[in-house]
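The values are calculated or read from the model by the stated rules, or taken from the named source; none is laboratory data. Because the structure is a prediction, the values reported are computed rather than measured. Cβ: placed from backbone, ideal geometry, glycine included. Neighbour counts: every protein chain shown. Just the protein is used for accessible areas: all its heavy atoms, side chains included, with ligands, DNA and RNA removed. Shrake-Rupley method; radii C 1.70, N 1.55, O 1.52, S 1.80 Å.
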Amino acid sequence: MPCLLMACGDVFQVHPYDVRFNGETNILEHHIAEIQARCGHKDTLRVAFVSDTHGWYSDAKDEVASINRRENLDFVIHLGDLTDTGTTKEFVWIRRILDGLRLPYVTLIGNHDFLGTGNQTYGQMFGPVDFSFIVSRIKFVCLNTNATEYDHMAAVPNFDFMEREATADTALFDRTILLMHAPPYGDQFNNNVVKAFQRYTWIFPQLMFCAYGHNHRQAVNDIYHDGVLYYGVDCAENRNYYVFTLTPDGYEYEIVYF
């Protein structure tokens, strides 16, 4: 009997969803502060957009190496699905890979990152699932759109958050970019409120474009036929990512293959 109890204790100490880990926490807070310190004076930003590294960590390492070889980038945005099954070990792995970037980065939460206790680990390691930051008079609004993970029982997308972000700090920004993991009309989005979501996007000052991940393919769509383009960012396995150049007059982008 003592041996059995000891074995059970050992099992629980290494449970894959045990939300205990060493190393950095609150990464979003730290990296957003670094982004603003590095880029606050710039009128042109160059930002790499990546997504869906889950299960393809070797490709993710190559993606990081490709980004590091570019001389003109300012920061990186990861659009979610950092992990495959939301285990603590996977979060530690991807943190180690992303920490190989020579640039600060921010991450959104994906539907895979909710599995098990993944959302708790994400919260401790990275930060809130809805957040925003302002750089060069552009507000980047990062939304949790993984409604299926809540069985559609929570306010996802959070319209109260969107309304606050559209009206807060308006003296500090005059353009907006909306970022999310799952796009409207996708399998993870709460499509009961898909039209309401469109109306909330209209309240943001000069919405430049939206970007999302999840679908594991490149895409450029005017989803609502209202002139707002939604850019789908590919997964790491397909070995490409976007670089957006944001200027006072607009933006342009390129797709980088590695």
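Points worth noting:
- Ile97 part of a helix (DSSP H, G or I) and not basic (Lys, Arg): yes
- Total residues in the range 180-192, condition in contact with a Phe, Trp or Tyr (Cβ under 8 Å, 6 or more places away or on another chain) and open to solvent by 20 Å² or more (accessible area, probe 1.4 Å): 1
- Gly100 vs. criteria farther than 28 Å from Pro248 by Cα, touching a helix residue (DSSP H, G or I) at 6+ places or on another chain (Cβ under 9 Å) and either crowded, with 16+ Cβ neighbours inside 10 Å or charged (D, E, K, R) (or both): no
- Positions within the range 170-179 being closer than 24 Å to Ile223 by Cα and in a loop (DSSP other than H, G, I, E, B), in sequence order: Asp174
- Top-ranked residue in the range 30-60 [being hydroxyl-bearing (Ser, Thr, Tyr) and outside any helix (DSSP H, G or I); ranked as surrounded by the most Cβ atoms within 10 Å (Cβ to Cβ)]: Thr53
Every residue, every condition in (1) in contact with a strand residue (DSSP E or B) (Cβ under 9 Å, 6 or more places away or on another chain); (2) at negative phi, yes or no:
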| position | (1), (2) |
| --- | --- |
| Val135 | yes, yes |
| His152 | no, no |
| Asn158 | yes, yes |
| Ala171 | no, yes |
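- Taking the conditions (1) closer than 13 Å to Gly80 by Cβ; (2) part of a helix (DSSP H, G or I) in turn, Thr121 satisfies each one other than (1).
- The residues of the range 129-169 that are of a type in the set (S, T, N, Q), closer than 22 Å to Val47 by Cβ and in a loop (DSSP other than H, G, I, E, B), listed by number, are Ser136, Asn144, Thr145.
- Unmet criterion (only one of (1) at pLDDT 95 or above; (2) under 24 Å from Gly250 (Cβ atoms)) for His41: (1)
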